[in-house]
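This report concerns only the one structure given below.
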Amino acid sequence: MLLKELSEAIGVSGNEEKVRKIIEEYVKPHVDKVSVDSIGNLIAFKQGDGSYSLKVVLAAHMDEIGLMVTYINEKGYLHFRPVGGVDERILPGKRVLVGDKAVPGVIGLKPIHLLKEEERSQVAPVESLVIDIGASDKSSAEKMVKVGDYATFDVAFQELGARRVKGKAFDDRAGCAVLAELVKERYPFDLYAVFTVQEEVGLRGAKVAAYAIEPDAAFSIEGTVADDLPKEKDVSPTARLGHGPAITIMDRTFVAFHPLVRLLVETAEAEGIPYQFKQPLVGGTDSGAIHLTKKGVPSATVAVPCRYIHSPVSILSLDDFENTIRLMEAALKRLKPEHLRVE
Amino acid sequence: MNTFEVLKKLSEAPGVAGNESGVSQIVAEEFKKYVDELRTDALGNVIGFKKGTGPSPRRIMLAAHMDEIGLMVSEIEKGFIRFTTVGGIDDRILLGQEVIVHGLKPLPGIIASKPPHLLSPEERKKVTPKDQLFVDVGLPEEEVKALVRVGDFISFAAKCVRLQGDMASGKAFDDRASVAALVCCLEHLSQMKHRWDVYAVATSQEEMGLRGAVVSAYGIAPDLAIAIDVGFGDSPGLSDAEAIKVGKGPAIAIGPNFHPALREALVKIAQELEIPYQTEAIPGPSGTDAWAIQVSREGVPTALLSIPLRYMHTPVETLSLKDIERTGLLLAHFISRLEKFPPE
């Protein structure tokens with residue numbers, strides 16, 4: 001299963017090579033050309049059937065949040081900083097894999113027995129935490145890892161039953177897996193499936209890819225926040241698991257292009273595919289960078305709802321995942337030049 | 001024996017205090033290889049008996065607890081599981097942790113809470129309190145209700161891994177590292193002569209108040225006892241005064257909980273055999289099975305060996321495998337030389 005392979009691959013922002021190789025191998029037989037640009041984006045090109053002379057970009061980011069080793073101390077412990085939006089609350093007591101050799105390590109904590117009362121309720125700041133790889137001192141640690149090495153959480157992909165799965169980095173390997181399926185079809189326009197880098201550190205891969213391609217329209221495919229846990233106050237969740245692909249109207253980085261949103265909604269209703277709107281003004285995607293490219297690009301975002309993104313382990317529904325593929329495939333087949341005109 | 005393999009089997013087995021059956025099966029399998037008799041008592045203690053060669057052998061009890069800290073289902077709300085804690089859980093490590101809910105079948109789950117973008121800046125600095133945490137098993141509400149009941153145990157699902165050198169990390173090393181040391185000791189003893197009868201006990205419910213030790217010590221009525229537990233190993237945030245050193249051998253404890261002559265005898269053997277050891281001063285209650293055993297029946301001369309452990313009560317407890325082996329070796333040699341106690 002591609003989603004499992006992608007979820008378990010290590011690829012923190014700036015070091016997406018392993019993920020890129022998996023995707024490249026998977027999509028190559030289905031597309032006309034595969035290329036990698038200077039920043040590391042993987043671009044799979046598939047010529048259209050000749051109906052319209054349009055260039056459409058589909059973007060999903062390969063990178064995941066993680067940690068970077070910033071210093072190795074005399075005792076052989078690794079100091080680190082987050083790469084991307086890591087929730088500091090979740091770091092203590094986790095297993096990680098460090099560097100290209102995936103050296104196992106743990107993020108420990110002072111034992112609860114020796115804590116002062118006030119320490120028990122304070123989140124340990126990231127500066128106070130270290131990774132322990134079991135090295136006896138600095139020089140033996142340096143045989144295995146170096147400053148600048150990335151670290152990710154050591155989490156296995158697993159089926160939970162009821163079509164739900166857990167794993168790491170569903171944000172946005174879920175999107176990558178959706179894209180990898182979508183390129184199998186031929187569409188009425190030229191398709192550029194762009195697997196971007198460095199989304200988590202500021203949408204940087206998407207920016208240069210969109211500049212080079214100059215698309216007429218773009219869709220970002222994401223793994224987005226599903227926060228449907230019980231809450232004290234009845235606030236509407238960002239998205240719900242099992243309720244279908246989440247269509248963005250507006251997030252922190254862009255306002256979705258209305259005719260494209262309409263296309264998505266009409267397609268879902270015509271095809272009987274469940275969908276939901278993502279709660280406005282939460283999060284951001286590659287569309288934020290793409291829609292501002294050159295003279296502007298009509299853009300939309302569709303996402304697979306994932307619980308607990310930016311933590312070591314997320315949960316998604318395979319129904320949502322497959323419905324995202326269905327929705328996108330059907331919408332792309334219905335896409336016409338009039339969907340790219342401002343109403 | 002392969003110390004890591006035994007430790008890994010013990011560590012990854014579920015066995016929250018009060019429901020040790022998962023781990024006790026593993027303990028029984030390992031003990032069985034070396035003992036003459038094996039039994040389980042009313043509180044679930046696993047007791048391995050190895051007959052001594054003396055004419056009317058006296059009894060030594062070795063105790064290491066096999067229970068672990070964990071969680072318990074307290075309520076099911078919209079398909080998400082609220083929980084309470086079993087033993088001294090550190091709230092700081094709960095969020096984002098993988099667990100197994102022991103319902104009608106074992107269900108993998110994740111400890112979850114509100115995502116960070118819905119928190120105020122102050123909330124992000126506070127450890128998320130238990131009443132805002134849930135276990136999510138990813139299943140629809142009806143399925144959760146059918147499979148999970150209030151009172152079901154929840155254990156951590158951490159993998160046991162090798163780190164660099166002879167270091168390893170995993171959950172429940174407190175105190176299954178010491179159970180592994182017992183297995184190691186029994187293996188050595190199976191190649192040695194010993195006059196005393198040996199009772200190796202993997203105790204239950206230590207984390208709930210040393211309960212397994214209370215009844216097993218009564219049942220065995222030992223003449224001598226040695227508890228084996230974990231001690232705070234040197235790690236970031238701990239001063240040298242607070243910690244014993246990982247990789248430098250077991251600590252032999254000194255204090256009111258421990259019989260001075262028994263302690264001396266252990267020290268002497270460690271020195272003779274050049275087994276590295278350390279000294280741990282415990283001025284009051286040791287919080288270990290030794291505390292209960294010392295006052296069993298008319299009193300039992302008791303000692304404590306501590307295996308140095310980093311990050312105690314987290315799912316990434318970390319230790320040196322050599323320290324486990326040294327503990328097993330020291331125990332075996334001590335027992336094989338045991339004749340009279342107190343020595344004349």
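The values are calculated or read from the model by the stated rules, or taken from the named source; none is laboratory data. Everything quoted here is computed from the prediction, not taken from an experiment. Glycine gets a Cβ as well: all are built from the backbone with ideal geometry, and neighbour counts include every protein chain shown.
Do any strands (runs of 3 or more DSSP E) entirely within the stretch A:25-102 hold 3 or more residues that are more than 30 Å from B:P236 (Cα to Cα) and charged (D, E, K, R), and if so, which? Show your work before the answer.
Numbers: elements: A:33-36, A:42-46, A:55-61, A:66-72, A:78-83, A:94-98.
Ranges flagged: none.
Residues of the stretch B:244-274 being in a loop (DSSP other than H, G, I, E, B), crowded, with 20+ Cβ neighbours inside 10 Å and within 14 Å of another protein chain (Cβ to nearest Cβ), which ones?
Within the stretch B:244-274, just B:V246 meets the criteria.
Which one is nearest to B:C185 (Cα to Cα), of the residues in the stretch B:45-77 that are assigned to a loop (DSSP other than H, G, I, E, B) and touching a helix residue (DSSP H, G or I) at 6+ places or on another chain (Cβ under 6 Å)?
Step one: of the stretch B:45-77, the residues assigned to a loop (DSSP other than H, G, I, E, B) are B:45, B:51-58, B:66-67, B:69.
Still in the list and also touching a helix residue (DSSP H, G or I) at 6+ places or on another chain (Cβ under 6 Å): B:45, B:66-67, B:69.
On the way: B:N45: 18, B:M66: 16, B:D67: 20, B:I69: 25 Å.
Per the stated criteria, the residue is B:M66.
Out of everything in the stretch B:126-155 that is within 8 Å of chain A (Cβ to nearest Cβ) and buried (at least 19 other Cβ atoms within 10 Å of the Cβ), what residue ends up being farthest from B:V99 (Cα to Cα)?
Residue satisfying both the conditions and the ranking: B:V127.
Given the criteria assigned by TED's automatic domain parsing to the domain that holds A:L203 and over 15 Å from A:L54 (Cβ atoms), does A:P298 qualify? Full working, then the answer.
On the way: assigned by TED's automatic domain parsing to the domain that holds A:L203: yes; over 15 Å from A:L54 (Cβ atoms): no.
Criteria not met by A:P298.
Suppose we filter the stretch A:68-78 for residues that are within 14 Å of chain B (Cβ to nearest Cβ), touching a Leu at 6+ places or on another chain (Cβ under 8 Å) and crowded, with 17+ Cβ neighbours inside 10 Å; how many remain?
We begin by selecting, within the stretch A:68-78, every residue within 14 Å of chain B (Cβ to nearest Cβ); these are A:71-78.
Okay, now just the ones that are also touching a Leu at 6+ places or on another chain (Cβ under 8 Å), so A:71-72.
Checking which are crowded, with 17+ Cβ neighbours inside 10 Å leaves us with A:72.
Here the count works out to 1.
Kindly establish whether B:L104 is within 14 Å of chain A (Cβ to nearest Cβ), touching a helix residue (DSSP H, G or I) at 6+ places or on another chain (Cβ under 6 Å) and part of a loop (DSSP other than H, G, I, E, B).
Details: within 14 Å of chain A (Cβ to nearest Cβ): yes; touching a helix residue (DSSP H, G or I) at 6+ places or on another chain (Cβ under 6 Å): yes; part of a loop (DSSP other than H, G, I, E, B): yes.
In short, yes.
Could you go through the stretch B:315-331 and let me know if any residue there is over 29 Å from B:M192 (Cα atoms), assigned by TED's automatic domain parsing to the domain that holds B:V179, assigned to a loop (DSSP other than H, G, I, E, B) and touching a residue at least 24 places away in the same chain (Cβ under 8 Å). Before you say what the answer is, go through the steps one by one.
Quick first cut of the stretch B:315-331, residues over 29 Å from B:M192 (Cα atoms) only: B:315-318.
Filter once more, so that each one left must be assigned by TED's automatic domain parsing to the domain that holds B:V179: B:315-318.
Narrowing further to those that are assigned to a loop (DSSP other than H, G, I, E, B): B:315-316.
Now restrict to residues that are touching a residue at least 24 places away in the same chain (Cβ under 8 Å): B:315-316.
So far as the stretch B:315-331 goes, yes, one or more of its residues are over 29 Å from B:M192 (Cα atoms), assigned by TED's automatic domain parsing to the domain that holds B:V179, assigned to a loop (DSSP other than H, G, I, E, B) and touching a residue at least 24 places away in the same chain (Cβ under 8 Å).
Quick one: which strands (runs of 3 or more DSSP E) sit completely within the stretch A:107-209 and have at least 2 residues that are among the β-branched types (V, I, T), assigned by TED's automatic domain parsing to the domain that holds A:V225 and touching a Leu at 6+ places or on another chain (Cβ under 7 Å)?
Numbers: elements: A:130-132, A:150-153, A:158-161, A:164-167, A:190-196.
Because the criterion is at least 2 residues that are among the β-branched types (V, I, T), assigned by TED's automatic domain parsing to the domain that holds A:V225 and touching a Leu at 6+ places or on another chain (Cβ under 7 Å), no strands (runs of 3 or more DSSP E) in the stretch A:107-209 meet it.
Condition first: hydrophobic (A, V, I, L, M, F, W, C), facing chain B (nearest Cβ under 7 Å) and under 18 Å from the mean Cα position of the chain (by Cα). Now tell me which residues in the stretch A:123-168 satisfy that. Spell out the reasoning first.
Within the stretch A:123-168, the subset hydrophobic (A, V, I, L, M, F, W, C) is A:123-124, A:126, A:129-131, A:133, A:135, A:141, A:144-145, A:147, A:151, A:153, A:155-157, A:160, A:162, A:165.
Filter once more, so that each one left must be facing chain B (nearest Cβ under 7 Å): A:123-124, A:130, A:133, A:135, A:144, A:160, A:162.
Those that are hydrophobic (A, V, I, L, M, F, W, C), facing chain B (nearest Cβ under 7 Å) and under 18 Å from the mean Cα position of the chain (by Cα): none in the stretch A:123-168.
Only one residue in B:A42, B:A63, B:A28 is modelled with pLDDT under 95 and either more than 14 Å from chain A (Cβ to nearest Cβ) or within 22 Å of B:A202 (Cβ to Cβ) (or both), so which one is that? Don't jump to the end; show me each part of the working.
Values: B:A63 fails: modelled with pLDDT under 95; B:A28 fails: modelled with pLDDT under 95.
Answer to the selection: B:A42.
Please go through the stretch B:113-125 and give me each residue that is surrounded by fewer than 14 Cβ atoms within 10 Å (Cβ to Cβ) and of a type in the set (G, A, S), ordered by number.
B:S120
Run down B:A158, B:A168 and say which single residue is within 11 Å of chain A (Cβ to nearest Cβ), surrounded by 24 or more Cβ atoms within 10 Å (Cβ to Cβ) and in a loop (DSSP other than H, G, I, E, B). Reasoning before the result, please.
On the way: B:A168 fails: in a loop (DSSP other than H, G, I, E, B).
None of the other options fit; the residue is B:A158.
In the set B:I110, B:I93, which member is out of contact with any strand residue (DSSP E or B) (no Cβ under 6 Å at 6 or more places or on another chain), facing chain A (nearest Cβ under 7 Å) and buried (at least 24 other Cβ atoms within 10 Å of the Cβ)?
On the way: B:I110 fails: out of contact with any strand residue (DSSP E or B) (no Cβ under 6 Å at 6 or more places or on another chain).
Exactly one residue qualifies, and that residue is B:I93.
What pairs can you find where one residue is in the stretch B:208-223 and outside the structural domain of B:A63 (by TED's automatic domain parsing), the other is surrounded by fewer than 23 Cβ atoms within 10 Å (Cβ to Cβ), and their Cβ atoms are less than 9 Å apart, with a gap of 6+ or different chains?
none
Out of the residues in the stretch A:286-333 meeting the condition of being touching a residue at least 60 places away in the same chain (Cβ under 8 Å) and of a type in the set (D, E, K, R), tell me which one is farthest from A:N41 (Cα to Cα).
Pass one, the stretch A:286-333, residues touching a residue at least 60 places away in the same chain (Cβ under 8 Å): A:286-291, A:293-294, A:297-307, A:309-321, A:323-325, A:327-333.
Checking which are of a type in the set (D, E, K, R) leaves us with A:286, A:294, A:307, A:319-320, A:329, A:333.
On the way: A:D286: 12, A:K294: 19, A:R307: 27, A:D319: 28, A:D320: 26, A:E329: 22, A:K333: 25 Å.
Result: A:D319.
Consider B:L95 carefully, then state whether it is assigned to a loop (DSSP other than H, G, I, E, B), closer than 28 Å to B:S320 by Cα and touching an Asp or Glu at 6+ places or on another chain (Cβ under 9 Å).
Working: assigned to a loop (DSSP other than H, G, I, E, B): yes; closer than 28 Å to B:S320 by Cα: yes; touching an Asp or Glu at 6+ places or on another chain (Cβ under 9 Å): yes.
Answer is yes for this residue.
Determine the pairs where a residue that is facing chain A (nearest Cβ under 7 Å) and under 15 Å from A:G85 (Cα atoms), located within the stretch B:114-125, has a partner that is of a type in the set (G, A, S) and surrounded by 14 or more Cβ atoms within 10 Å (Cβ to Cβ) with Cβ atoms under 7 Å apart, the partner being 6 or more residues away or on another chain.
none
Here's a check for you: in the stretch B:73-86, which residue that is under 30 Å from A:E118 (Cα atoms) and surrounded by fewer than 19 Cβ atoms within 10 Å (Cβ to Cβ) is farthest from the other protein chains (Cβ to nearest Cβ)?
We begin by selecting, within the stretch B:73-86, every residue under 30 Å from A:E118 (Cα atoms); these are B:73-75, B:80-86.
Next, from what is left, pick out any that are surrounded by fewer than 19 Cβ atoms within 10 Å (Cβ to Cβ): B:74-75, B:82, B:84-85.
Working: B:S74: 14, B:E75: 10, B:R82: 9, B:T84: 16, B:T85: 11 Å.
That would be B:T84.
Please tell me if B:G48 is in contact (Cβ under 8 Å) with a residue 12 or more places away in the chain, surrounded by 24 or more Cβ atoms within 10 Å (Cβ to Cβ), in contact with a Phe, Trp or Tyr (Cβ under 6 Å, 6 or more places away or on another chain) and not polar (S, T, N, Q). Spell out the reasoning first.
On the way: in contact (Cβ under 8 Å) with a residue 12 or more places away in the chain: yes; surrounded by 24 or more Cβ atoms within 10 Å (Cβ to Cβ): yes; in contact with a Phe, Trp or Tyr (Cβ under 6 Å, 6 or more places away or on another chain): yes; not polar (S, T, N, Q): yes.
Yes, satisfied.
Among the residues that make up the stretch A:254-274, is at least one of them free of Cβ contacts under 8 Å to residues at least 12 places away in the same chain and under 29 Å from A:K166 (Cβ atoms)?
Among the residues of the stretch A:254-274, at least one is free of Cβ contacts under 8 Å to residues at least 12 places away in the same chain and under 29 Å from A:K166 (Cβ atoms), which makes the answer yes.
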